[in-house]
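Heads up, the thing below is written out as structure tokens.
No lab work stands behind these numbers, since they all come straight from the coordinates. None of the values given here were measured: they were computed from a predicted structure. Neighbour counts are summed over all protein chains in view; Cβ atoms, including those assigned to glycine, are modelled from backbone coordinates with ideal geometry.
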Amino acid sequence: MPGLSGLTGLSGPTTPAVRPTGETIGRDVTASGQTPLARPPFRGRLIHPGDIHLTLVFLGAVPPEQRQCAESAAERVRSPAFTLSLDRVGSFPRARVVWCGTDPAPAPLAQLVTTLRHELGACGLALDPRPYAPHATLARNARPLAARPLDQPISWPVDAFVLAYGQEGPPPRYRILRRWLLARP
């Protein structure tokens, strides 16, 4: 990972997120045969496994001084590690995105997001006012599909969260700037 002092700007959105550990969620979901991504005639652009993440708070383009504030805010977050159960697939039709997620957000995830949003509030960042919808994007430019439960929920151990940014170019497109461990129970 490059030193933070060498990063003077971002070329894309900056996002605190959780990322999969061990087996990628994308491979687990598609290999399970439980989503339309695993069965023909799926139409859409699959997300590179290295880019699959669950956004906690979307920040958009962030100037360096605000990024430093966001990093300090993340340093103050104290939250326990937990296992997330991804139990639904669906789509955001207007965005043409297929996702895997959970509804409602389990208590540890909701608390992590609430705490992070609270800490980021002092940074002057424009945070999305919409209710939190935990999901991992699996495909873009995809046809809409009705949300439905997965036959077998997928366990995603969450032991850290990261500050990542997207960039143009070949996948994986997300780069991790910083990582913060969650407390072990």
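State the extension gain, in nm to one decimal, for the chain segment bounded by ARG130 and GLN152, taking 0.36 nm per residue of separation less the distance between their alpha-carbons.
5.0 nm
By how many nm would the segment from ARG178 to ALA95 lengthen if fully extended, with 0.36 nm per residue of separation less the alpha-carbon distance?
27.1 nm
Note the full-extension length gain between ARG76 and HIS48 as 0.36 nm times their separation in residues minus their Cα-Cα distance, in nm to one decimal.
Values: separation 28, 0.36 × 28 = 10.08 nm, distance 3.12 nm.
My answer for the length gained is 7.0 nm.
Using the beta-carbon distance between GLU65 and ASP87 and R0 = 41 Å, what value does 1/(1 + (r/R0)^6) give for FRET efficiency, to the nearest 0.05? Before the final figure, lay out each step's value.
Working: r = 40 Å, r/R0 = 0.97.
Efficiency, from the Cβ-Cβ distance: 0.55.
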